[in-house]
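The values are calculated or read from the model by the stated rules, or taken from the named source; none is laboratory data. On a predicted model such as this, the values are computed, not experimentally measured, just so you know. Every residue, glycine as well, gets a Cβ built from its backbone with ideal geometry; the counts of neighbours run over all protein chains shown. Accessible surface areas use protein heavy atoms only, side chains included; no ligands, DNA or RNA. Shrake-Rupley method; radii C 1.70, N 1.55, O 1.52, S 1.80 Å.
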Amino acid sequence: MILEKINKPNDIKKLDPIEYNQLAEEIREFLIQTISKTGGHLASNLGVVELTMALHLVFNLPQDKLIWDVGHQSYTHKILTGRKAGFDGLRKFGGMSGFPKRNESNYDAFDTGHSSTSISAGLGYVYARDIKKEYYNVISVIGDGALTGGMAYEAMNNAARLNTNFIIILNDNTMSISKNVGGVSKMLDNIRSSDSYYDLKEGVANTLYKLPRGSKLVDSIKKKKSSLKQILFPGQMFEAMGLNYLGPVNGHDIHKLIKILHVAKRVGGPVLVHVVTQKGHGYKPAERNPSKFHGITPFDIKTGIVKSSSSNDSYSKVFSKTICSIAKQNNKVVAVTAAMPEGTGLEKFSRWFPERFIDVGIAEEHAVTFCAGLSAGGMIPVFAVYSSFLQRAYDQMLHDVCIQQLHVVFAIDRAGLVGSDGETHQGIFDLSFLKSIPNMTIFAPKNAWELERVLHYAVNEYDGPFAIRYPRGEACVRFQEFRQPIVYAKSEIMFWESDIALIAVGSMVETAYDLREKLKEKGYHVTLINARFIKPLDVMLFYKLRYTHQLIVTLEENVIKGGFGESVCQYINESQLHMNVLNIALPDDYVEHGNVSILKAEAGIDVNSLIERVTSFYKNL
């Protein structure tokens, strides 16, 4: 086993080149075996095995800085930097992250988790290096899908000013960017990617510079060459932006990769290396369905079938069925996604209503303003997006949607704790940033039925910005007996007693229900209220509670700063209602990866932790 020789960083440099291909096969086998048990990002990692190996062979890490865009394709990088033994705890609480983490290894140059950031981060490293007069290489790896995000182009535009080396690796897995075609293109690429071509180009330029008016002659030749390339290479927009371009090169031919990376190191400016890979390479089920195996739960290796533990619909699936049903009746409904049709549940909508489905790519900022334009044009856009990705479009929600009070529905999936993807994916800030925007209405359904009803309400009965936030995973099917009609800015009273009032938001209604049962066993009288509307608050509720309850407990799966509980406290204080309030929320911090149940216990928002917190608080009033 060649993989057994890889135990420490840079062990790969000790291998004989004849062993490289065998190592690539063994790494793929290791990833398939491991991720089939732990779950994780499989297809993206299978596609970059040879590329990662070549990067480690050509560059001197950690002195050289390697930055992975998104970072979900860094598993081979982790293996080659001495973290192979940590894969048993991949994405588990206290275990190894599924993304690069600077506090995990000094071989991880930059923490990533969201898309289109690597070129900006790499460019920052380059400027820091040059200002400090240090000498190391900076390599940013970005996928073709990430180039749909405008931030990548902002960074490339900035990088074009450089006159020192900066290497951008475009990992093109053929899903977004077309391949160059034709014999001439292939021939010129092969020549251009060779050391001999670069030597000739450098030698001719140096000779011409020594002649009278040599610099003008060189500039003239460059312009003519650029014009010719635009004809022969129709996809060469990168050169037009001021980047040197190398490739395309087969991303599964390690020897060609090594060769072209050595050439890239010699370029005296920003250089983009175009590497063509296959997502899921080496595992047939992932090759056939790369989207399914992008981020996958434990699965059977032989069949590729996911080992599912539940037959109940997820919230995403409930949303999918409901929005399709609504769109059948209302031809103004348009569904928008930012490159997540499967994850958000819009894949079915895209088949049923292709003319009313728009995937804008990884471009949340554009998506929100695009929805604003759709609304102003007389349509009803529904933007389905993960909570942690909506953060990127705060300005667009504030200025383009809410100032104009446009009818845009935000279907915010993965709100609250999402588990194994960790800090960059936990949807625990949306209540805080949405609540700060005037004219925004925010609703959190307690179960599947309520998600269905509020979607109908937001699309057909309300006119203005409306955000619906719901968690990841299996939809709650409890509380079928509680189906009070949705009334604007009104909560749902599930049980009315006295002493303690539990006011819960969305997913925390289940927790509050179970907490109420435990408190009643201890002799307490407990009211249970489903908040429903986070903004605006049901302010009349507090006047009802004022004379009959000694304690209000708010429960939410959001950080405490700026959350629902903070709004309740602010209103009670400003109204001088003199009521005792205990806020149950997540700490003002980032939450690491791990099983959601474990994370809730660690944060003190699980039922067992809350019994002690509530009873102790009540006794000390």
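For the stretch 122-172, a tally of residues being in contact with a strand residue (DSSP E or B) (Cβ under 7 Å, 6 or more places away or on another chain) and either under 20 Å from Phe389 (Cβ atoms) or aliphatic (A, V, I, L, M) (or both) returns 16. Within the stretch 543-577, restricting attention to residues that are closer than 23 Å to Asp499 by Cβ and without any contact (Cβ under 8 Å) to a residue 12 or more places away in the chain, the residue that is nearest to the chain's Cα centre (by Cα) is Asn573.
The single condition among (1) open to solvent by 10 Å² or more (accessible area, probe 1.4 Å); (2) among the β-branched types (Val, Ile, Thr); (3) at pLDDT 60 or above; (4) assigned to a helix (DSSP H, G or I) that Ile260 does not satisfy is (1).
If I filter the stretch 528-542 for residues that are farther than 21 Å from Ser436 by Cβ, in a strand (DSSP E or B) and over 35 Å from the mean Cα position of the chain (by Cα), do I get at least one hit? Don't jump to the end; show me each part of the working.
First, the residues of the stretch 528-542 that are farther than 21 Å from Ser436 by Cβ: 528-530, 540-542.
From what's left, in a strand (DSSP E or B): 528-530.
From what is left, the residues that are over 35 Å from the mean Cα position of the chain (by Cα) are none.
Within the stretch 528-542 (the criterion being farther than 21 Å from Ser436 by Cβ, in a strand (DSSP E or B) and over 35 Å from the mean Cα position of the chain (by Cα)), the answer is no, since none of the residues qualifies.
Any residue in the stretch 457-467 that is of a type in the set (Phe, Trp, Tyr), under 30 Å from Val334 (Cα atoms), open to solvent by 10 Å² or more (accessible area, probe 1.4 Å) and not in a helix (DSSP H, G or I)? Within the stretch 457-467, one or more residues are of a type in the set (Phe, Trp, Tyr), under 30 Å from Val334 (Cα atoms), open to solvent by 10 Å² or more (accessible area, probe 1.4 Å) and not in a helix (DSSP H, G or I).
Filtering the stretch 280-324 to residues that are modelled with pLDDT under 90, more than 23 Å from Glu50 (Cα to Cα) and among the small types (Gly, Ala, Ser) leaves Ser308, Ser309, Ser310, Ser311. When Val539 is tested against (1) within 30 Å of Met440 (Cα to Cα); (2) hydrophobic (A, V, I, L, M, F, W, C); (3) buried (at least 19 other Cβ atoms within 10 Å of the Cβ), exactly one condition is not met: (3). Does any residue of the stretch 573-595 turn out to be aromatic (Phe, Trp, Tyr), touching a Gly at 6+ places or on another chain (Cβ under 9 Å) and open to solvent by 10 Å² or more (accessible area, probe 1.4 Å)? Yes: the stretch 573-595 contains one or more residues that are aromatic (Phe, Trp, Tyr), touching a Gly at 6+ places or on another chain (Cβ under 9 Å) and open to solvent by 10 Å² or more (accessible area, probe 1.4 Å). Meeting the requirement of 3 or more residues that are more than 24 Å from Arg91 (Cα to Cα), the helices (runs of 4 or more DSSP H) wholly within the stretch 286-368 are 315-329, 347-352. For Ala531, the conditions (1) open to solvent by 30 Å² or more (accessible area, probe 1.4 Å); (2) within 26 Å of Met440 (Cα to Cα) are fulfilled apart from (1).
Run down Ser507, Ser498, Ser491 and say which single residue is in contact (Cβ under 8 Å) with a residue 24 or more places away in the chain, of a type outside the set (A, V, I, L, M) and in contact with a His (Cβ under 8 Å, 6 or more places away or on another chain).
On the way: Ser507 fails: in contact with a His (Cβ under 8 Å, 6 or more places away or on another chain); Ser491 fails: in contact with a His (Cβ under 8 Å, 6 or more places away or on another chain).
So the residue among Ser507, Ser498, Ser491 that is in contact (Cβ under 8 Å) with a residue 24 or more places away in the chain, of a type outside the set (A, V, I, L, M) and in contact with a His (Cβ under 8 Å, 6 or more places away or on another chain) is Ser498.
Each residue in the stretch 422-442 was checked for being open to solvent by 30 Å² or more (accessible area, probe 1.4 Å), modelled with pLDDT under 95 and not acidic (Asp, Glu), and 1 of them qualify. Contact annotation: residue pairs with Cβ atoms under 9 Å, 6 or more positions apart or on different chains, pairing a residue in the stretch 1-26 that is under 18 Å from Ile258 (Cα atoms) and touching a residue at least 24 places away in the same chain (Cβ under 8 Å) with a partner that is aromatic (Phe, Trp, Tyr) and in a helix (DSSP H, G or I), are Ile12/Tyr20.
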